[in-house]
Amino acid sequence: MQEAMTMLFRSLFIYLFVLLIMRLMGKREIGKLSVFDLIVSIMIADFAVISIENTKMPFLNGLLPIVVMMAAQILFSWLSLKSSTVRNVIDGRPTFIIKNGKINEDEMKKHRYNMDDLLLQLREHKIANVDDVEFAILETTGKLSIFPKEEKAPVLKGDLGDLMSTRRIPRLPVSLVIDSQIQQDSLKQLGLDEAWLRDQLQRYGYKDLNEVFFVSIDHKGKLYVDSREDG
């Protein structure tokens, strides 16, 4: 009877404790589970079960691993926020399964993603024909983001200067700056350079790159600039 009461007490306490832990780790854990998030969640669940079932183990010894998992998750989340390299290692990068209307077979093989998987997720988005898709991006969570085809991307207007007036870019917006860090791969993809980007930001009134948090460019050549709150 005493052991049953102990398990009951531990179950209720662990429930509230894990609930608090998940809240401290942030809403991201609920809305988006990356591979790392999933591993941490599974390990927390295992440690919680051990704490409940093993009544002979000191209660604090069962709680300590859960706290360690929470601390590790918060630490790596903070590092991911500050470093794109850490973010790519932990969460990976989104992958173009379909790009500019063409299926990327190499990426499908790399991620062991077959045509049945692709067609299934297209049908879930109410798209029956692959030819209707301009972009299909496999996110780090395993979700497929789909962008149907529209009219041919228009030529950029002169709002970005003569340099961009004859360029075409995909309809999908391209990130140029993330957390004040220039995305060199994106600039290279568009055939642009850092000097061009800094010149455009100056036209928007930003003299220092640290003043902006995020910058992207859409298919019309329009920049979206989000300034830092503390900038």
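For the range 207-219, backbone phi angles converted through the Karplus equation (6.51, -1.76, 1.60; θ = phi - 60°) give residue-by-residue couplings of 8, 10, 4, 5, 7, 10, 9, 9, 9, 9, 10, 9, 6 Hz, Gly and Pro being listed as x. With respect to the chain, whose longest principal axis is taken over its alpha-carbon atoms, helix 115-124 is tilted by about 90°. The Cα-based radius of gyration and maximum Cα-Cα distance (Dmax) for the range 80-146 are 13.0, 40 Å.
Using the rule -39500 (n - 2.57) for each DSSP H run of four or more residues, divided by the residues of the chain, the 222 nm mean residue ellipticity is -15000 deg cm²/dmol. Between 146, 137, 50, the GNM of the chain built on Cα springs shorter than 10 angstrom shows 50 fluctuating the most.
Think of each Lys and Arg Cβ as +1 and each Asp and Glu Cβ as -1; about the Cα centre, that makes the dipole of the chain roughly 100 debye. Taking the C-alpha atoms only, the angle from helix 194-203 to the longest principal axis of the chain is near 90 degrees.
For the range 64-108, the pair-distance distribution built from all alpha carbon pairs, in bins 10 Å wide starting at 0, is 25, 28, 25, 16, 6, 0 percent. Need one word for the chain: rounded, prolate or oblate. Basis is the Cα gyration tensor (sqrt eigenvalues a ≥ b ≥ c); a/c below 1.5 gives rounded, then a/b vs b/c decides. Verdict is oblate for the chain.
Database remark: amide H of residue 133 closer than 5 angstrom to the amide H of 149 (H placed geometrically; neighbours at sequence offset of 5 or more, or on other chains; Pro and chain starts carry no H). The residues of the chain have, on average, 64 Å² of accessible surface per residue, using a 1.4 Å probe with all protein chains present. Between 0 and 90 degrees, the angle of helix 35-53 with respect to the longest Cα principal axis of the chain falls at about 10 degrees. For residue 104, the residues 5 or more places off, or on other chains, whose built amide H falls under 5 Å of its own are 98, 99. As a calculated quantity, the FRET efficiency between residue 210 and residue 88 at R0 = 25 Å, using C-beta atoms, amounts to about 0.70. GNM remark for the chain: springs join alpha carbons under 10 Å apart, and the peak mean-square fluctuation among 60, 24, 119 falls on 60. Shown in residue order for the range 174-190 are the 3J(HN,Hα) couplings computed by the Karplus curve 6.51 cos²θ - 1.76 cosθ + 1.60 at θ = phi - 60°: 10, 7, 9, 9, 10, 6, 6, 10, 5, 8, 4, 4, 5, 4, 5, 4, 8 Hz (x for Gly and Pro). Amide H to amide H, which residues 5 or more places from residue 227 or on other chains are under 5 Å from it, using H placed in the peptide plane? The list, which skips near neighbours in sequence, is 213. When the charge dipole of the chain is built from unit charges on Cβ atoms (+1 for Lys and Arg, -1 for Asp and Glu) and taken about the Cα centre, the candidate among 174, 74, 49 whose Cα reaches farthest toward its positive end is 174.
Accessible-area rank, largest first, for 51, 145: 145, 51, with all protein chains present and a 1.4 angstrom probe.
Here the accessible area of the chain is 58 percent carbon and sulfur, with a 1.4 angstrom probe and all protein chains present.
For the range 87-104, putting each phi into the Karplus relation 6.51 cos²θ - 1.76 cosθ + 1.60 with θ = phi - 60° gives couplings of 4, 5, 5, 7, 9, x, 10, x, 10, 7, 7, 10, 9, 6, x, 10, 6, 8 Hz, in residue order, rounded to whole numbers and with x for Gly and Pro.
The values are calculated or read from the model by the stated rules, or taken from the named source; none is laboratory data. Keep in mind the model is a prediction, meaning the values are calculated, not measured. Cβ coordinates were reconstructed from backbone atoms using ideal geometry, including for glycine residues, and neighbour counts include every protein chain displayed. Remember, those area values only see protein heavy atoms, side chains included, never the ligands or the DNA or RNA. Shrake-Rupley method; radii C 1.70, N 1.55, O 1.52, S 1.80 Å.
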